[in-house]
Ligand code: PBG
Ligand code: ZN
């Protein structure tokens, strides 16, 4: 006796009835890159067709378009006018992201605004925190102090959730205490809890202008070969008080997404990063893949692996298809 699997595949309605994983526009967070300077600014990124640096006024208009597509969550990255050794623009209430949060929330109270909390876009050396001059590497504990300040500035500007992405040890407990003491007990933290040192971030560093000027991020971001450590990193952030965990990148780490989803009851986000997006776009341009189908298959893969939230540059394209 063998099983006739196709019995339940023949009728399309039955196929729909039995579809286990469904994508909706509620699954997505759409990244926006806010460039300080002149207004009405919008510049497409060569390696990422469809992704733009934009000024705050353009981002506000972009939110209108997102809402029409049924997209209601964004994550903000800032490109400041001036960079310095400690990323001062991120530590001041007039900095690019503080203003972006305020102005976007004012124009769109119904958009859920997440802010990426890190320093690589704001430092002249491009590393994710304060440098220790002696070792020329990031000083973890000093960086925790300025991360707290950055978080309070975003909170005061009205952000709905913060997303620390710098992979500093102890960042979640430190941020939770700072937010609670600062009167923001109900502000959620989505931790980039398992973030690998990945070449897939290449195009992002072009758009965010955040490449390290020397060295790399392997002292604070994770080794892609390590599964146990990947789980430990996320479990530690759960213990420290993270509300949502994250795996980043997504496509080469589906096993890690499943592992963390099995090991934690917290909601899990994945970041479908710039290099993953750029590869599909390049495949489309070369005419070698059915882009829409490959994109949806990829996004379904993340959700099937255990993701509750997908941060993706594909959000608008996917929404157009999902909305029919
Ligand atoms: C900042 C940050 C990075 C990404 C998100 N937040 C880059 C990095 O760590 O170098 C990457 C996102 C992407 O590639 O789409 N720490
Ligand atoms: Zn960073």
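Within the stretch 265-274, track down each residue that is surrounded by fewer than 20 Cβ atoms within 10 Å (Cβ to Cβ) and touching a residue at least 40 places away in the same chain (Cβ under 8 Å).
Within the stretch 265-274, just 267 meets the criteria.
Is it the case, given these coordinates, that residue 229 is modelled with pLDDT of 95 or more, out of contact with any strand residue (DSSP E or B) (no Cβ under 8 Å at 6 or more places or on another chain) and surrounded by fewer than 21 Cβ atoms within 10 Å (Cβ to Cβ)?
no
Output the residues belonging to the stretch 165-197 that are within 26 Å of residue 136 (Cβ to Cβ), surrounded by 19 or more Cβ atoms within 10 Å (Cβ to Cβ) and within 14 Å of ligand 2 (Cβ to nearest atom).
Result: 165, 166, 167, 168, 171, 192, 195, 196.
Looking for whichever is part of a helix (DSSP H, G or I) and either within 16 Å of the chain's Cα centre (by Cα) or touching a residue at least 60 places away in the same chain (Cβ under 8 Å) (or both) here; the options are 293, 284, 316. Which one fits?
The match here is 316.
To keep it simple, each residue is scored yes or no on (1) more than 26 Å from residue 246 (Cα to Cα); (2) within 16 Å of ligand 1 (Cβ to nearest atom); (3) surrounded by fewer than 22 Cβ atoms within 10 Å (Cβ to Cβ).
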| residue | (1), (2), (3) |
| --- | --- |
| 49 | no, yes, yes |
| 57 | yes, no, yes |
| 62 | no, no, yes |
| 101 | no, no, no |
| 133 | yes, no, yes |
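Just to be sure I understand, how many residues within the stretch 135-161 are buried (at least 24 other Cβ atoms within 10 Å of the Cβ) and within 24 Å of residue 203 (Cα to Cα)?
1
Just checking: which of the helices (runs of 4 or more DSSP H) contained wholly in the stretch 198-264 hold 3 or more residues that are within 15 Å of ligand 2 (Cβ to nearest atom), free of Cβ contacts under 8 Å to residues at least 60 places away in the same chain and closer than 28 Å to residue 184 by Cβ? Talk me through it step by step, then tell me what you get.
Values: elements: 202-207, 227-240, 254-263.
Ranges flagged: none.
Answer yes or no as to whether residue 205 is more than 8 Å from ligand 1 (Cβ to nearest atom) and either out of contact with any strand residue (DSSP E or B) (no Cβ under 6 Å at 6 or more places or on another chain) or within 20 Å of residue 261 (Cα to Cα) (or both).
No, not satisfied.
Please count how many residues of the stretch 182-197 are under 15 Å from residue 256 (Cβ atoms) and assigned to a strand (DSSP E or B). Full working, then the answer.
Just the residues of the stretch 182-197 that are under 15 Å from residue 256 (Cβ atoms), to begin with: 191-197.
Imposing the further condition that a residue be assigned to a strand (DSSP E or B) reduces the set to 194-196.
Matching residues across the stretch 182-197 total 3.
In the stretch 300-310, is there at least one residue being within 13 Å of ligand 1 (Cβ to nearest atom) and more than 14 Å from residue 247 (Cα to Cα)?
There is no residue in the stretch 300-310 that is within 13 Å of ligand 1 (Cβ to nearest atom) and more than 14 Å from residue 247 (Cα to Cα).
If residue 167 satisfies all but one of (1) at positive phi; (2) out of contact with any strand residue (DSSP E or B) (no Cβ under 7 Å at 6 or more places or on another chain), what's the number of the condition it fails?
Result: residue 167 fails condition (2) only.
Being closer than 16 Å to residue 175 by Cα and over 17 Å from the mean Cα position of the chain (by Cα) is the filter; apply it to the stretch 111-146 and report the residue that is nearest to ligand 2 (Cβ to nearest atom).
129
The values are calculated or read from the model by the stated rules, or taken from the named source; none is laboratory data. Source: prediction; values computed, not measured. So basically every Cβ, Gly included, is an ideal-geometry build from the backbone, and we count neighbours across all protein chains shown.
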